[in-house]
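Heads up, the thing below is written out as structure tokens.
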Amino acid sequence: MAHDFIYTQPVKIFFGEGKFGQLGSIMEELGVQRCVIACGRHFAPEARAMQEKDSRIVAVFGEVEQNPQLSGVVETARLCREFNADAVVGVGGGSSIDTAKFAAAIAKGDGEAIEYYHGEKPFPAERLTIIAVPTTAGTGSEVTQVSVVSHGSEKRTINNPVFMPKAAIVDPILSSTVPPRTTMNTGLDALAHALEGYWSKNHQPISDLMAVEAVRLVMQNLETAYRDGSNMEARANMAYASLLGGLSFANPKTAGCHACSYPLSEDYHLPHGEACAFTLDSFVRINADERLEELCHRAGLTGTEELAERIAALKKLAGLRSRLSDLGEVNMEKLCHDCAVHGLMNNNPVHMDEAALRAMFEKLA
Ligand code: NAD
């Protein structure tokens, strides 16, 4: 066991069924007087209804897309300035939360969003309060200092303490409407976070504990949540697993499987969870060692082989793309190169160069 580590987690977490109903009192506790809600279309009507009842909600940006674009950040930040907001509430999947985080970080700045996006300008010292409200059970973005935003086809992960929410409201009821396929995508993303945090070169004991529990919960609840979205016990267990998954990777960071997810999303347009799931069982086999065996046993599995097989079975159950032939025409050279040079690949416990990645992808032909 490592006895030398730094563990940081500054987000105040409100977890439980119905907790979103306490948004007003949580805003009061944080001293928020005027907020903008950033959300996707599924939540926009509800957000506007909330705005009519609570004058502290001064505007709604309800157009966040999957793999969110910088233009949504620009519009949310513009609303913050126009209505003199002091907070942004991101309600939705990771896309909405990441849009809220980025907008809150730049609303008080005098630079263009693209300058912050490319790191050409430091983020302003003054920023708005971020409240993150996940409605999917997957990204864990509510407890990370990461914002993932696209500009055109470029998808960038920006890791900066300015993106850390002040509060996370995790209310499993909000996830009860997630369609089955998205339930599977996002649930496998939560599993990927737990596994990648655990096998990351920078793994550490507190994160490891949460990873084990997240893997156990996903393995026991994801199929039920997929088959019966109204099963609140499975939804609540998945919401908790997702939160723990976020906490598992927030400090050690993710690794090879996430590195590969970027080219798979950018060039083949897989949603984030599906892109992570694409190589997750492969990486379970590649990264299998004594520690991973131990995680499997502690999570109630017989070992790494069962873990890999069950991931493959879950992907098949939901019809997720899992072979290169599902992606259309694949440029193997570019795919292997882009995966190999992604920064997170350095965090994988097993060295993966282009040749090793080609061998992995050839098995998925
Ligand atoms: P998403 O936010 O893109 O949402 C997927 C779809 O589900 C959208 O169409 C959305 O409108 C819909 N949806 C969300 N909640 C719903 C609900 N309750 N009912 C019905 N529909 C609902 O998907 P996601 O997987 O949650 O987030 C993916 C994004 O998060 C990617 O851009 C990914 O790179 C990023 N991400 C960020 C972090 C981080 O730490 N910041 C971590 C992992 C992933």
All-but-one check, Asn84 against (1) under 30 Å from Thr183 (Cα atoms); (2) more than 14 Å from the ligand (Cβ to nearest atom); (3) in a loop (DSSP other than H, G, I, E, B), failing number (1)
Filter region 161-185 down to the residues that are in contact with a strand residue (DSSP E or B) (Cβ under 6 Å, 6 or more places away or on another chain) and under 20 Å from Ala241 (Cα atoms), then identify the one that is farthest from the ligand (Cβ to nearest atom).
-> Ala167
Might you let me know whether region 136-144 holds any residue that is in a strand (DSSP E or B), in contact (Cβ under 8 Å) with a residue 40 or more places away in the chain and in contact with a strand residue (DSSP E or B) (Cβ under 6 Å, 6 or more places away or on another chain)?
-> no
Note on region 209-242: residues crowded, with 24+ Cβ neighbours inside 10 Å and in contact (Cβ under 8 Å) with a residue 40 or more places away in the chain are Ala211, Val215, Leu222, Ala225, Arg235, Met238, Ala239, Ala241, Ser242
Working carefully through the options Gly111, Gly92, find the one that is within 11 Å of the ligand (Cβ to nearest atom), more than 19 Å from Leu30 (Cβ to Cβ) and either free of Cβ contacts under 8 Å to residues at least 60 places away in the same chain or open to solvent by less than 20 Å² (accessible area, probe 1.4 Å) (or both).
-> Gly92
Listed by range, helices (runs of 4 or more DSSP H) wholly within region 266-354 having at least 1 residues that are open to solvent by 70 Å² or more (accessible area, probe 1.4 Å) and more than 26 Å from Thr139 (Cβ to Cβ) are 290-298, 304-318, 332-341
Please enumerate the residues belonging to region 35-66 that are acidic (Asp, Glu) and either under 19 Å from Phe102 (Cα atoms) or open to solvent by 40 Å² or more (accessible area, probe 1.4 Å) (or both).
-> Glu46, Glu52, Glu63, Glu65
A careful count of residues in region 120-160 that are of a type outside the set (D, E, K, R), open to solvent by 60 Å² or more (accessible area, probe 1.4 Å) and away from the ligand (no atom under 16 Å from the Cβ) gives 2
Kindly indicate whether any position in region 255-264 is of a type in the set (A, V, I, L, M, F, W, C) and either more than 14 Å from the ligand (Cβ to nearest atom) or assigned by TED's automatic domain parsing to the domain that holds Ser153 (or both).
-> no
Residues (open to solvent by 10 Å² or more (accessible area, probe 1.4 Å) and touching a residue at least 40 places away in the same chain (Cβ under 8 Å)) located in region 99-108 | none
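The values are calculated or read from the model by the stated rules, or taken from the named source; none is laboratory data. Computed from a predicted structure; not experimentally measured. No Cβ is skipped: glycine too gets one built from the backbone with ideal geometry, and neighbour counts run over all protein chains shown. All accessible areas refer to the heavy atoms of the entire protein, side chains included, with ligands and DNA or RNA removed. Shrake-Rupley method; radii C 1.70, N 1.55, O 1.52, S 1.80 Å.
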